[in-house]
Amino acid sequence: MHGSLAQNELLLEAVKNGVAQLAAVDVAVCAPFPYLAQLEQELSASAVKWGAQDVHQLDKGAYTGEVSASMLADFGCKYVLVGHSERRSIYGEDSHLVAEKYAAAQKAGLVPVLCVGETLEQRESGATEMVVAEQLDAVIALAGVQALRQAVLAYEPVWAIGTGKTASPEQAQAVHAFIRQRVAGHDAQVAENLVILYGGSVKAANAAELFAKPDIDGGLIGGAALVADEFVAICRAGQSGK
């Protein structure tokens, strides 16, 4: 929950200019609902795509304050985050609800960015793979593994979000490899082509090492995305990471 019209204008202009020559990198900005019109206006003539940070699982109805996937599509959104750890932990969204949001996004033609990840307690108890598998399997059970062809996954260890802590490249790679293997158990081709991002205190200083790992295809950037130079530097690391 950051930004203002004036701050956004400066940030978006700097990002557009900074990534203009990065042909090998896909860049997208996901903003709070009130700023989607601004994103459409500022980014429509650029290579930068845009999206929202959440979506309701139903297309219409008496759900005051909620926003449907079709509404997001009206503002030219390509992407939408579903299952972000803050939605799961603060607002109590379970994996079935996340799966419903995922399906609603795809029905409206959006690309869901499915976030999965464990808390510190779950990692320390050795439950990382069990937690991630449950979150992923709920989506596959509802939408089918083929739906992952039009989706992006993001592994975001909850203990590394906004804390300054970052999973080591080896820790992140291990979970990314597990996710890909889990999907491969359903369809090897879907797994091979699946884009899996890492999110959790990614910075310019650690991005290149993370992105160099074979199963880490990019980053889901949080706080660093609010600083144009830092975000652009991370994007450049993505270009050279593979």
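The values are calculated or read from the model by the stated rules, or taken from the named source; none is laboratory data. These numbers come from a predicted model, not from an experiment. Every residue, glycine among them, receives a Cβ derived from its backbone with ideal geometry; neighbour counts consider all protein chains shown.
Counting only residues that are touching a residue at least 40 places away in the same chain (Cβ under 8 Å), under 24 Å from Ala205 (Cβ atoms) and either in a helix (DSSP H, G or I) or of a type in the set (Lys, Arg) (or both), the stretch 150-169 holds 4 of them. Scanning the stretch 45-94 for residues that are of a type in the set (Gly, Ala, Ser) and either under 20 Å from Met1 (Cα atoms) or in contact with a strand residue (DSSP E or B) (Cβ under 9 Å, 6 or more places away or on another chain) (or both) yields Gly51, Ala52, Gly65, Ser68, Ala69, Gly76, Gly83, Ser85, Ser89, Gly92.
Do you know which of the residues in the stretch 215-242 that are assigned to a helix (DSSP H, G or I) and among the small types (Gly, Ala, Ser) is modelled with the lowest pLDDT?
That would be Ser240.
Could you check, for the stretch 25-38, whether at least one of its residues is without any contact (Cβ under 8 Å) to a residue 40 or more places away in the chain, of a type in the set (A, V, I, L, M), part of a loop (DSSP other than H, G, I, E, B) and over 16 Å from Ala228 (Cβ atoms)? Checked against the condition, which is being without any contact (Cβ under 8 Å) to a residue 40 or more places away in the chain, of a type in the set (A, V, I, L, M), part of a loop (DSSP other than H, G, I, E, B) and over 16 Å from Ala228 (Cβ atoms), the stretch 25-38 yields no hits at all.
Which of the residues belonging to the stretch 192-214 are outside any loop (DSSP other than H, G, I, E, B), more than 17 Å from Leu11 (Cβ to Cβ) and in contact (Cβ under 8 Å) with a residue 24 or more places away in the chain? Hits for the stretch 192-214 are Asn193, Val195, Ile196, Leu197, Tyr198, Asn206, Ala207, Ala208, Glu209, Leu210, Phe211.
Annotation: of all residues in the stretch 84-107 being among the small types (Gly, Ala, Ser) and more than 13 Å from Ala151 (Cα to Cα), the one that is nearest to the chain's Cα centre (by Cα) is Ser85. Scanning the stretch 86-99 for residues that are acidic (Asp, Glu) and over 17 Å from Gln53 (Cβ atoms) yields one hit, Asp94. Among the residues of the stretch 2-21, those identified as among the aliphatic types (A, V, I, L, M) and surrounded by 16 or more Cβ atoms within 10 Å (Cβ to Cβ) are Leu11, Leu12, Val15, Val19.
Scanning the stretch 181-226 for residues that are of a type in the set (S, T, N, Q) and surrounded by 22 or more Cβ atoms within 10 Å (Cβ to Cβ) gives no hits. Candidates are the residues of the stretch 83-108 that are part of a loop (DSSP other than H, G, I, E, B) and at negative phi; the one that is surrounded by the most Cβ atoms within 10 Å (Cβ to Cβ) is His84.
Looking only at residues in the stretch 54-68 that are closer than 17 Å to Glu93 by Cα and touching a helix residue (DSSP H, G or I) at 6+ places or on another chain (Cβ under 8 Å), the one that is surrounded by the fewest Cβ atoms within 10 Å (Cβ to Cβ) is Leu58. Residue pairs whose Cβ atoms lie under 6 Å apart, separated by 6 or more positions or on different chains, with the first residue in the stretch 126-149 and more than 18 Å from Arg87 (Cβ to Cβ) and the second at pLDDT 95 or above and not in a helix (DSSP H, G or I), are Thr128/Glu118; Val145/His186; Val145/Asp187; Leu148/Leu194. If the condition is being under 30 Å from Phe75 (Cβ atoms), among the hydrophobic types (A, V, I, L, M, F, W, C) and more than 15 Å from the chain's Cα centre (by Cα), then the stretch 108-135 contributes only Ala108. Scanning the stretch 171-184 for residues that are farther than 16 Å from Arg149 by Cβ and without any contact (Cβ under 8 Å) to a residue 40 or more places away in the chain yields Gln171, Ala174, Ala177, Gln181.
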